[in-house]
Amino acid sequence: MNTLTKRVEWQALQAHQKTIASFHMQDWFNQDPQRFSRFSLTLEEIFLDYSKNRITTETLNLLSQLATATHLPKKINALFSGEAINSTEKRPALHVALRAPEKQSIYVNGQNIMPTIHATLKKMGEFIEKVHNATWRGVTGKPIRDIVNIGIGGSHLGPLMTVSALADFAKEELCCHFISNIDSAHLNAVLKEINPESTLFIISSKSFSTLETITNAETLRHWLQTQLNTQNIAPHFIAITGATEKAMTFGIPKENIFDIWDWVGGRYSIWSAIGLPLALLIGMDHFLEFLAGAHSMDQHFQHTEFTQNMPVLMGLLGIWYINFFGTTHHAIVPYSHPLNYLRSHIQQLDMESNGKNITQYGETIRFLTGPVILGEQGCNGQHAFHQLFHQGNHLIPVDFILTGKRNNELDHHHAILVSSGLSQAKALMQGKSYAEALAEIPLENNTLEERKQLAKHKVIPGNRPSNFLFINRLTPRNLGALIALYEHKTFVQGAIWDINSFDQWGVELGKNLLPPILAALNAQDNILHDSSTAGLIQHYRTLRKNV
Ligand code: F6P
């Protein structure tokens with residue numbers, strides 16, 4: 001069994017939690033006018049206010065001591081130097097190399113990978129140029145107008161989230177669509193919007209064997225061949241994959257295949273050619289700025305002491321709540337429509353990375369690890385589930401993410417948006433006492449008993465933690481830095497829990513169980529299943545016969 005909880009640093013945090021658990025943050029704000037400036041920091045155009053957390057300076061010192069005792073500095077070094085930190089798959093996790101400058105050298109199996117990375121970036125740039133200047137055309141001679149990304153998981157969420165976030169930077173003549181789900185309703189909805197003559201399909205699959213993606217790609221290939229009455233799909237299909245042979249067998253010429261390497265995890269792949277839909281939309285220069293923003297966050301993470309280090313602080317705060325207050329959830333609430341899919345991206349990033357109960361050494365973990373990530377863009381979430389944040393018995397830390405006004409945003413709308421985020425964070429922290437609730441209920445038409453009764457319902461405990469991330473402008477550089485911030489936050493937590501954050505064996509189990517079930521649905525196969533699965537298979541077969 002893992003011994004993290006036996007460490008003196010862990011036990012010091014447990015004792016500290018007991019001493020401060022009954023304090024209300026509002027009192028700390030009242031007593032200390034410097035609290036905001038002490039617990040906030042800026043990195044380029046990203047400002048983090050973490051003063052609305054149930055922490056004191058001592059909390060941060062104790063958390064930093066835990067990070068040091070669990071060898072976080074050594075582990076950060078291992079990440080950046082390309083050690084095989086994905087121990088179960090015996091490979092490094094080198095997404096940081098994808099955004100590092102060309103002059104840097106990073107080695108995998110004795111080979112410097114930087115020239116390969118930059119050769120792929122160059123190939124992307126050349127391809128994008130051809131699409132933009134219309135030298136790349138469909139079989140009937142039409143320039144490309146619609147791009148359809150076919151992928152799932154990291155090969156979908158990264159492109160979807162970033163294309164949506166940076167819509168203001170997109171070329172007007174191009175439109176990007178996404179097909180991830182095997183449910184053909186998804187595919188049919190996109191087919192209604194595109195013209196086969198001017199559509200480019202991008203098959204994004206590191207393995208080129210993900211069932212949903214390959215099935216969708218085959219259906220779309222057939223659709224295109226039928227629509228255009230041709231077998232020549234080459235100008236309409238490109239692939240991003242680590243399985244070149246498989247993509248060639250599908251019918252894609254080698255020169256139209258963009259490489260991704262096994263040392264890039266799916267949920268960390270937006271920085272590779274998986275980012276091609278984004279690069280096509282915003283142009284290669286902006287894509288390079290996106291990479292540079294992430295690199296700048298990498299530098300900060302690698303070289304800044306823990307109490308001033310944004311990803312380390314956010315990671316430690318998460319651990320503080322999960323392991324010492326017993327929280328199970330963490331909310332991502334961007335008050336920004338373009339950041340609508342950020343929660344989905346972070347959901348995969350965090351939950352697929354740290355949703356584990358085993359250390360990298362194979363020891364069972366009995367404490368809670370990665371949180372359930374939930375969220376929604378503000379103000380929508382306010383009118384849906386924030387009620388539980390305010391008065392439910394769950395303690396759910398929230399990350400509020402706001403940006404400065406975009407050029408095309410209406411000034412008064414933006415002011416309301418920002419005020420909404422600020423007032424939610426304030427309400428969570430401050431709450432409302434019984435006396436305050438009673439005082440606001442009018443005397444007229446209410447007996448004292450009625451007022452007392454109603455006041456009880458209006459009490460809001462407050463003391464609910466949140467971080468407030470304010471990004472000056474939603475630019476490619478700042479978005480790159482923001483995503484890298486969450487990647488490193490996830491890394492910090494995995495490192496302290498001693499988890500391998502880069503495998504996903506739970507997902508693999510579901511994938512492996514599917515083929516015999518599919519076979520059973522389609523044939524009268526009698527493979528032994530548990531009675532529930534067997535009963536449901538039978539139910540489906542009957543349904544299918546009767547429809
Ligand atoms: O969901 C599991 C997973 O392996 C993710 O990690 C990955 O992003 C996704 O499937 C898609 O995989 P591929 O890019 O190989 O199609």
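Throughout, read-outs are computed from the coordinates displayed, never taken from laboratory work. Note that the coordinates shown come from a computational prediction; the quantities given were computed from them, not determined experimentally. A quick note on method: Cβ atoms are made from the backbone with ideal geometry, for glycine too, and the neighbour counts reach across all protein chains shown.
Once you wrap a convex hull around the alpha carbon atoms of the range 209-261, what is its projected area averaged over all directions, in nm²?
Spelled out: convex hull of the Cα atoms, projected over all directions, averaged, 3.5 nm².
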Practice prompt. For a quick protection proxy, order the peptides 222-231, 142-151, 476-485 by their average other-Cβ count within 10 Å, most packed first.
Written response: 476-485, 142-151, 222-231
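Where Rh denotes the Kirkwood radius from the mean inverse Cα pair distance, what is Rg over Rh for the range 101-289?
Across the range 101-289, the Cα-based Rg/Rh ratio is 0.95.
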Worksheet entry | Highest to lowest packing among 33-41, 344-352, scored as the average C-beta count within 10 Å | 344-352, 33-41
Worksheet item: Which of the pairs 432/456; 489/511; 6/356; 426/452; 432/458 have their Cα atoms more than 18 Å apart in this structure?
Response: 489/511; 6/356; 426/452
Worksheet item: What's the angle, to the nearest 10 degrees (0 to 90), between helix 411-430's Cα axis and the longest principal axis of the chain?
Response: 50 degrees
Worksheet item: Which translational diffusion coefficient, to the nearest whole µm²/s, is obtained for the range 505-546 from the Stokes-Einstein equation, given a Kirkwood hydrodynamic radius over C-alpha pairs, 20 °C and 1.002 mPa s?
Response: 196 µm²/s
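Mind checking Rg over Rh on the range 177-281, alpha carbons, Kirkwood formula for Rh?
Expressed as Rg/Rh, it is 0.94.
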Item to complete: Grab the DSSP H runs of the chain that are 4 residues or longer, score each as -39,500 (n - 2.57), total them, divide by all residues and round the 222 nm result to the nearest 500 deg cm²/dmol.
Response: -15500 deg cm²/dmol
Worksheet item: Which of the lysines could be linked to residue 130 by a straight reach, that is with a Cα gap under 29 Å, when you skip same-chain ones fewer than 8 residues away?
Response: 103, 122, 142, 171, 192, 206, 246, 254
Fill in: Largest-first principal axis extents, alpha carbons of the range 421-547, Å
73, 48, 32
Response to the item:
Note: the range 487-526, point scatterers on Cα, Debye, no solvent; log10 I/I(0) at q = 0.14 Å⁻¹ equals -0.51
Discussion item. How tilted is helix 284-303 with respect to the longest principal axis of the chain? Cα atoms for both, answer in degrees (0 to 90, nearest 10).
Written reply: 40 degrees
Worksheet item: Of all DSSP beta bridges located in the chain, what percent are antiparallel, nearest 5?
Response: 30 percent
Worksheet item: Mind ordering 326-338, 79-91, 489-501 by average Cβ neighbours within 10 Å, highest first?
Response: 489-501, 326-338, 79-91
Discussion item. Distance between the C-alpha centers of the range 61-138 and the range 198-219? Whole Å please.
Written reply: 24 Å
Item to complete: Go through the range 296-387 and name the trypsin sites (Lys or Arg not before Pro) that are in a DSSP coil and have 10 or fewer other Cβ atoms within 10 Å of their Cβ.
Response: 366
Item to complete: Report the normalised scattering of the range 1-105 as log10 I(q)/I(0) at q = 0.10, 0.18 Å⁻¹, calculated by the Debye formula with identical scatterers on the alpha carbons.
Response: -0.49, -1.04
Response to the item:
Hydrodynamic radius by Kirkwood for the chain, inverse mean 1/r across distinct Cα pairs, in Å, is 25.6 Å
Practice prompt. Largest first and in whole Å, give the semi-axes of the range 312-430's equivalent ellipsoid, each being the square root of 5 times a Cα gyration tensor eigenvalue.
Written response: 30, 16, 11
Worksheet item: By how many degrees, 0 to 90 and rounded to 10, does the Cα axis of helix 476-497 deviate from the longest principal axis of the chain?
Response: 70 degrees
